[in-house]
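The values are calculated or read from the model by the stated rules, or taken from the named source; none is laboratory data. Remember, predicted model here, so these are calculated numbers, not experimental data. Note that we place each Cβ from the backbone using ideal geometry, even for glycine, and neighbour counts take in every protein chain shown.
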Amino acid sequence: MIGTGIFLKPATMAAQAGSIGIVLLAWLVAGLLSYAGALTYAELCAHFPAAGGEYAIIRESYGRFPAYMYGWMRFTIGAPGSAASYAVGAATFLHAVIPYETLGIRIWQMAVFFILFFTIINSLTLFVSTSIQVSLTITKVLSIVVIVLLLFFFTPATPIPAPPTHWPGMASFAAVLMAAFWAYDGWNNLPMLGGEVKNPQRNLPLGLALGILIVLAIYLVLNLSFFRVLSFGEILTANSGNNSLAEPVATLALAKSIPGASVKIIAALLTISALGAMSGSILASARVPYAMATDGVFFSALGKLSSKNGIPVSATLTQGAIAALLAMSGSFDQLTDSVVFASWIFYALTTAAIFKLRRTLKSDTLPRFKVPLYPILPTVFLLCATAFILYAIIATPYLTMLGLGVIALGIPLYFLFWK
């Protein structure tokens, strides 16, 4: 989950929100809504612990066609778009550490290299890929802890700004939430590995419930540390979609503590963070086309496992190739916004499956983990997801229509595969 969003989105959010308080509120609301969704997913994936995660849940709840549409979305835009945006971000940050463009290497070329390298890594053995994933995650979390300590205890604070005198409006707040949702996105990846997790009925819910809570705390504390040492005006001038040449918020903040070296330190951290998120996305998402192929509704070659290690190598390589193509075009914000919109359509559909599960199963056959405050949490998440989808259609019609168009392209293929 912890990729580039937490380091890049605060400036964009500040411009939309108009105050630090609204930005922090958006991080909290987006985190709590993601947590409500994750707890709902926890009960669902404890009952359906199969490869593909949401694909398996949607298939068992609604049938093959809706599940296929989800899988098609993940295959064409969801997973490759996420990996591509992380790769472009990592390549951009690495350039601040090593100016490789002086050697004739372009940023998009470095992004493609990252995608291909980690695609191959995730095609070797599960032990190698998960070991690298854990190492990258530990490195970036420890780095964030060090940054927070530096900014809270060894950096002078700026004056606390006056509270906002007016609410920015629901449209602006929804735009701020969209940015925050991207930073939280990725919690749905864990259920995709359900067929390979030991004791999934216990460990999938535990990972979801604890994982998002930890990330929520990290995001809030990290934002508070940024806002403690930077003025609101400084945050507005940081790196964003409208100011791509500026330094990220984290760099500006750390420069107050260790000027000069801060740029390369933060750039290195951002590179590691982006690569960790990208690797996790590649690792998990390949299980979706694999599950589709084994169901007979996708290319059969993607349903094959390597004879030695049982990894869906063909699916992993194919997803990596699509991500590499996407990395050659499109900006960071365009990729992330289109992925978030397309993903939330199926977040809502998957969440709604909890009501059917509770209605059709007897109480003694329900999974051991049950979402607390049922049906309040699933209902709140579902309503907010629906509102978010409608807002995205109104606010960003080009990106949303593009996402819906890509999804619709898969409909004729479904009937060919089914036939």
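Of all residues in the stretch 154-171, none satisfies being at pLDDT below 80, closer than 24 Å to LEU325 by Cα and either of a type outside the set (Asp, Glu) or buried (at least 21 other Cβ atoms within 10 Å of the Cβ) (or both). Determine which member of the set ILE57, ILE77, ILE115, ILE105 is closer than 24 Å to ASN199 by Cβ, among the β-branched types (Val, Ile, Thr) and not in a strand (DSSP E or B). Just a single option satisfies the conditions, and that option is ILE57. Restricting attention to the stretch 37-90, the residues being within 20 Å of the chain's Cα centre (by Cα), at positive phi and at pLDDT 85 or above number 0.
Could you look through the stretch 282-298, keep only residues that are of a type in the set (Gly, Ala, Ser), in a helix (DSSP H, G or I) and modelled with pLDDT of 85 or more, and pick out the one that is farthest from LEU222 (Cα to Cα)? Of everything passing the filter in the stretch 282-298, ALA293 is farthest from LEU222 (Cα to Cα). Give the residues of the stretch 248-270 that are modelled with pLDDT under 80 and part of a helix (DSSP H, G or I), sorted by residue number. Scanning the stretch 248-270 gives SER262, VAL263.
Per-residue answers, yes or no, for (1) without any contact (Cβ under 8 Å) to a residue 60 or more places away in the chain; (2) small (Gly, Ala, Ser); (3) touching a strand residue (DSSP E or B) at 6+ places or on another chain (Cβ under 8 Å):
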{"position": "TYR100", "(1), (2), (3)": "yes, no, no"}
{"position": "LEU103", "(1), (2), (3)": "yes, no, no"}
{"position": "TRP108", "(1), (2), (3)": "no, no, no"}
{"position": "SER123", "(1), (2), (3)": "no, yes, no"}
{"position": "SER129", "(1), (2), (3)": "no, yes, no"}
{"position": "ILE132", "(1), (2), (3)": "no, no, no"}
{"position": "LEU142", "(1), (2), (3)": "yes, no, no"}
{"position": "VAL145", "(1), (2), (3)": "yes, no, no"}
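Only residues that are under 18 Å from the mean Cα position of the chain (by Cα) and within 13 Å of LEU325 (Cβ to Cβ) were counted in the stretch 109-124, giving 3. Does the stretch 372-419 hold any residues that are surrounded by 12 or more Cβ atoms within 10 Å (Cβ to Cβ), of a type in the set (Val, Ile, Thr) and modelled with pLDDT of 85 or more, and which are they? THR379, VAL380, THR386, ILE411 - these are the residues of the stretch 372-419 that are surrounded by 12 or more Cβ atoms within 10 Å (Cβ to Cβ), of a type in the set (Val, Ile, Thr) and modelled with pLDDT of 85 or more.
For (1) of a type in the set (S, T, N, Q); (2) farther than 20 Å from SER82 by Cβ, each residue gets a yes or a no:
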| residue | (1), (2) |
| --- | --- |
| TRP108 | no, no |
| ASN122 | yes, no |
| ILE138 | no, yes |
| PHE154 | no, yes |
| ILE160 | no, yes |
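From the residues in the stretch 172-208 that are touching a strand residue (DSSP E or B) at 6+ places or on another chain (Cβ under 8 Å) and within 15 Å of MET1 (Cβ to Cβ), which one is surrounded by the fewest Cβ atoms within 10 Å (Cβ to Cβ)? Ranking the candidates gives LEU193 first. I'd like to know if the stretch 24-36 contains one or more residues that are farther than 24 Å from THR251 by Cα, β-branched (Val, Ile, Thr) and in a helix (DSSP H, G or I). Yes, there is a match, as at least one residue in the stretch 24-36 is farther than 24 Å from THR251 by Cα, β-branched (Val, Ile, Thr) and in a helix (DSSP H, G or I).
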